[in-house]
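We did not get these values from a lab; they are worked out from the coordinates using the rules stated. The shown structure was predicted, so the numbers you read here are calculated from the model rather than taken from an experiment. As a convention, Cβ positions derive from the backbone with ideal geometry for all residues, glycine included, and neighbour counts pool all protein chains shown.
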Amino acid sequence: MYKNNNNTQQSFEEMVAEHMEHGFLENIIDMLKYEEDAYKVIKHLLRDERIRVRIGAVALVEEATALGLRFVDELADELLQLLDDENPLVRADAIYCLEMAGNMKHVPVLEKCMQKEENQQVKEAVDEAISEIKRRVVGNDDI
């Protein structure tokens, strides 16, 4: 369903954002379970101007991670593209999502992000994400 045709892709992104704004999180989670590449819409949702849509996108990542859905690693790779977004809120949300879905291969990218980031709140989010990924992977709370 998430195709490269720009009109189809844009319509799909808008439809999912509308559903998210109206609180249909469970429906979108079900779609993500069965539609190949539909997870890529999350990147679009994190850039949406509506706060309910952005919060819903974060909830999608939380749920996908908790359910161990097959696309979580690919999603984390997709979210790396948002680390250069001009909006610090988008960068911070992407980093928070990486905190949940990322793994050790994402840590070096986050460390580079930390070095170039100017926004203090985003830097704090990066630091937390790196610590959480390491804690989760290594299983040590003292990291």
Tilt, helix 107-116 to longest principal axis of the chain (alpha-carbon atoms), in degrees rounded to tens, equals 80
Taking other Cβ within 10 Å of each residue's Cβ, how do Ser11, Ser131 sort, fewest first?
Ser11, Ser131
Against the longest alpha carbon principal axis of the chain, how many degrees, from 0 to 90 and to the nearest 10, is the axis of helix 25-34 turned?
90
Taking K and R as +1 and D and E as -1, what net charge do the other residues with C-beta under 12 Å from the C-beta of Leu25 add up to?
-4
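If you average the sequence gap of Cα pairs under 8 Å that are 6 or more apart and divide by the length of the stretch 92-143, what percent do you get for the contact order?
Working: 44 pairs, mean separation 23.7, N = 52.
Worked out over the stretch 92-143, it gives 45 percent.
Which value, in debye to the nearest 20, describes the size of the charge dipole of the stretch 1-66 about its Cα centre when Lys and Arg Cβ atoms bear +1, Asp and Glu Cβ atoms bear -1, and nothing else is charged? Working shown, then result.
Details: 8 positive and 13 negative charges, 44 e Å.
In total the dipole reaches around 220 debye.
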Computed over the stretch 42-126: relative contact order in percent, which uses C-alpha pairs under 8 Å that are six or more apart
27
Tilt, helix 120-138 to longest principal axis of the chain (alpha-carbon atoms), in degrees rounded to tens, equals 80
Estimate the FRET efficiency between Arg136 and Asp77 by the formula 1/(1 + (r/R0)^6), using the beta-carbon distance for r and 22 Å for R0, to the nearest 0.05.
0.80
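Let me check against my output: what whole-number percent is the relative contact order of the chain, with C-alpha pairs under 8 Å and at least 6 apart? Don't skip to the end; give the middle numbers.
Working: 152 pairs, mean separation 24.7, N = 143.
Here the relative contact order equals 17 percent.
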Jot down the per residue volume, in cubic angstrom and as a whole number, of the convex hull over the alpha-carbon atoms of the stretch 6-138.
102
